[in-house]
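Values quoted throughout were computed directly from the atomic coordinates according to the rules given, and no laboratory measurement underlies them. Predicted model only: the values in this text are computed from it and were never measured. Glycine also receives a Cβ, built like all others from the backbone with ideal geometry; neighbour counts cover every protein chain displayed.
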Amino acid sequence: MRIDLHAHSNVSDGTETPAGVIISAVAAGLDAVALTDHDSTDGWDPAAAAARDHGIAFVPGMEISCRTEQGISVHLLSYLHDPAHAGLLEEITKSKDARLTRAEHMVTLLSEDYPLTWDDVIHHVAPGATVGRPHIADALVAAGVVADRSEAFTSILTSHSRYFVQHYAPNPAVAVELVRAAGGVPVFAHPVASSRGRIVGERTYREMIDAGLMGLEVEHRDNPEEGRDFLRMLAAEHGLLITGSSDYHGAGKPNLLGENTTSPAVLARIEEMATGSTVVR
């Protein structure tokens, strides 16, 4: 059984519709796939309907954007939580609103030096989707400023760029607590992906584990091998689940569905632990 627990649709920064992600997962030979859009569960219903139609298991999920007190970005995967939980919903709504304001500010700065308008960016955002840097990157590609998203993120849109604007994000330990309160299973996404920026230290792991962290996404293309060894030891020490996934974004990234997978036993444990929602079969 092949299981991929990390994929994005155009509800956030992927390029395929939620149903399109399901169809791609079937084509990739997967038996189960999670949709984990950034700070949004809007893709759950169409993904679930497509999963039923195509005979694949669908794991409802979300990726929550967090930030430590030291300013380090942390992504937290939430599986099978209650999408209507008031506390969690309030927090992700706050984050989505902040992303919109941040994106508008960044476009204003970029427009001083590049042929870019807000309408150019919105053209690349699906209705109701969370606006983010990937959509700005797509607009820059369309304008011929950069060749692809990767070039945009390593140059113009890097966090060290003068065009970069920070946005609100919850503390990761607080996010873990909210996911648990919503009946979900929180898993730390690509924890040692140093190519993405600064990574957290012992204090943040301890705080997240104390708050109820239940797993670590170990098998991910951005985690270096020595970092994976550390994560496996940490998981063994604290009884945490180990997951593997692609972090699929369609044409937005080179990541391929099923390039890393999660064991059926781990998915079964996630189902046992969760009380907020269920896997669609």
Problem - FRET efficiency for residue 251 and residue 160, using Cβ-Cβ distance with R0 set to 35 Å, rounded to 0.05 - result: 0.85
Practice task
Subtracting the Cα-Cα distance from 0.36 nm times the residue separation, let me have the gained length for residue 141 to residue 203 in nm, one decimal.
Solution key: 18.4 nm
Exercise for the section: Please figure out what share of the DSSP beta bridges in the chain is antiparallel and state it in percent, rounded to the nearest 5. Expected result: 50 percent
Handout entry: Residues with amide H under 5 Å from that of residue 218, placed H, sequence gap 5 or more
Key = 243
Practice task
Specify the residue with the greatest mean-square fluctuation among 239, 252, 215, computed from a Gaussian network of the chain linking alpha-carbon atoms under 10 Å apart.
Solution key: 239
Practice task
With r as the distance between the Cβ atoms of residue 93 and residue 271 and R0 = 25 Å, compute the FRET efficiency 1/(1 + (r/R0)^6) and round to 0.05.
Solution key: 0.40
Exercise for the section: Would you kindly state the longest site-free stretch of the chain, with sites defined as GluC sites (Glu not before Pro) in a DSSP loop (not H, G, I, E, B) surrounded by at most 12 other Cβ atoms within 10 Å? Expected result: 113-281
Handout entry: Separation in nanometres of the label points that stand 7 Å from Cα toward Cβ, at residue 27 and residue 100
Key = 3.3 nm
Practice task
Using only alpha carbon pairs under 8 Å that are at least six residues apart, calculate the relative contact order of the chain and give it in whole percent.
Solution key: 26 percent
Problem - Size of charge dipole - the chain - debye, nearest 20, with Cβ of Lys, Arg +1 and Asp, Glu -1, no other charges - result: 220 debye
Fill in the blank from the handout: Assertion target for 131, 280, 185, ordered by fewest C-beta neighbours within 10 angstrom first, is 280, 131, 185
Practice task
Determine by what factor the alpha-carbon radius of gyration of the range 102-154 differs from 2.2 N^0.38 Å, reporting the quotient.
Solution key: 1.01
Completion exercise
Those trypsin sites (Lys or Arg not before Pro) from the range 93-181 that are DSSP loop and have at most 16 other Cβ neighbours within 10 Å turn out to be 162
Exercise for the section: Select from 175, 236, 34 the residue whose mean-square fluctuation is largest in a Gaussian network model of the chain (Cα-Cα springs shorter than 10 Å). Expected result: 236
Practice task
Determine how many Å³ per residue the convex hull of the Cα atoms of the chain encloses.
Solution key: 115 Å³
Practice task
For the chain, build the charge dipole from Cβ charges (+1 Lys, Arg; -1 Asp, Glu) around the Cα centre, then report which of 211, 20, 159 sits farthest towards its positive end.
Solution key: 211
Practice task
Can you tell me the 0 to 90 degree angle between the C-alpha axis of helix 133-142 and the longest principal axis of the chain, rounded to 10?
Solution key: 50 degrees
Exercise for the section: State, as an integer percentage, the relative contact order of the range 102-154 based on alpha-carbon contacts under 8 Å between residues 6 or more apart. Expected result: 29 percent
Practice task
Pull out the extension gain between residue 168 and residue 53, defined as 0.36 nm times the separation in residues minus the alpha carbon to alpha carbon distance; nm, one decimal.
Solution key: 37.6 nm
Fill in the blank from the handout: Going from the fewest other Cβ atoms within 10 Å to the most, one would list 73, 277 as 73, 277
Completion exercise
For the residue 109, residue 86 Cβ pair and Förster radius 30 Å, calculated FRET efficiency rounded to 0.05 is 0.30
